[in-house]
Amino acid sequence: GVFQCFTPATYQYYRMELDRLYASSDRLYNWFPRSVFASITFNLGPWMISWPQTDNHNLTFGWCAITALGNFDPEEGGHLILWDLGLVIRFPPSST
């Protein structure tokens, strides 16, 4: 999709590394064979809180997809906070 369209070299790098990872062990199972992302997380519930954290070992040129699901008041919550950059971003329902 969008990832492959805008950064085909990065997308291909993700695909190559993920394929190599799955080939390295029979104990690994690819739950999302059409995706180049290795995992997915769902935060469900009426009140979700994440502890401040940074992903300082992630790929600096990499991508991730974050989607806000559910019905909530974006003035009261659902903000995306980028701690290292000091940014608080309003993230309304259905945003990606």
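The values are calculated or read from the model by the stated rules, or taken from the named source; none is laboratory data. Predicted model only: the values in this text are computed from it and were never measured. Cβ: placed from backbone, ideal geometry, glycine included. Neighbour counts: every protein chain shown.
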Filter the stretch 1-38 for residues that are assigned to a loop (DSSP other than H, G, I, E, B) and under 19 Å from Thr60 (Cβ atoms) and give the result.
Thr7, Val36, Phe37, Ala38
Under 6 Å between Cβ atoms, at least 6 apart or on separate chains: pull out the pairs that start in the stretch 80-96 with a residue that is closer than 18 Å to Ile49 by Cα and end on any residue that is among the polar types (S, T, N, Q) and modelled with pLDDT of 90 or more.
none
Does Ala38 fit the bill of being small (Gly, Ala, Ser) and touching a Leu at 6+ places or on another chain (Cβ under 9 Å)?
yes
